[in-house]
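Notes to accompany the following structure.
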Amino acid sequence: MKYLTTTLSLLAITASLALAQNTSATPPQGKRPCPGKAFKKWDTNADGALSLEEFKARPKAQQHPAKAEEVFKKMDSDNDGKVTLAEFVAHRPSARPPGARGKAGRAGKAGKRGGSTASTPSA
């Protein structure tokens, strides 16, 4: 009985430690890493700006290089061929005003789809 209790205790401790150390390098679903950290990671030559080559070296950009180049050009607001941290942060969705992109931007149009009953003839 003592052996069984000891074994179960060790098993419980081991499982607890394994779960405690199970931290992922990627952020939880729906959360994005700090823009400064991501920027520094991608700025491989540490010059304080992302070149098109550095931006396209990201894994996601390698999957869609044409889209990456398009996004880079949108972020490069002064068209100097590099993206500064300020340009990078300004382009992130959280920095945009509500309704500027995505479903929130379509919400106003969705309300108009139903139409108004004032313009329909009454029976």
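The values are calculated or read from the model by the stated rules, or taken from the named source; none is laboratory data. Source: prediction; values computed, not measured. Every residue, glycine among them, receives a Cβ derived from its backbone with ideal geometry; neighbour counts consider all protein chains shown.
Counting only residues that are surrounded by 12 or more Cβ atoms within 10 Å (Cβ to Cβ) and either of a type in the set (S, T, N, Q) or closer than 10 Å to LYS82 by Cα (or both), segment 32-57 holds 7 of them. When restricted to residues that are assigned to a helix (DSSP H, G or I) and either in contact with a Cys (Cβ under 8 Å, 6 or more places away or on another chain) or closer than 17 Å to PRO35 by Cα (or both), segment 45-55 contains 2. Residues that are touching a helix residue (DSSP H, G or I) at 6+ places or on another chain (Cβ under 7 Å), assigned to a loop (DSSP other than H, G, I, E, B) and modelled with pLDDT of 75 or more do occur in segment 35-43. Counting the residues of segment 9-34 that are over 22 Å from ALA90 (Cα atoms), modelled with pLDDT of 70 or more and not polar (S, T, N, Q) gives 2.
For segment 46-66, the candidate set comprises residues that are of a type in the set (Asp, Glu) and out of contact with any helix residue (DSSP H, G or I) (no Cβ under 7 Å at 6 or more places or on another chain); within that set, the residue that is farthest from VAL89 (Cα to Cα) is GLU53. A residue that is assigned to a helix (DSSP H, G or I), among the charged types (D, E, K, R) and either modelled with pLDDT of 50 or more or under 18 Å from the mean Cα position of the chain (by Cα) (or both) occurs somewhere in segment 77-94.
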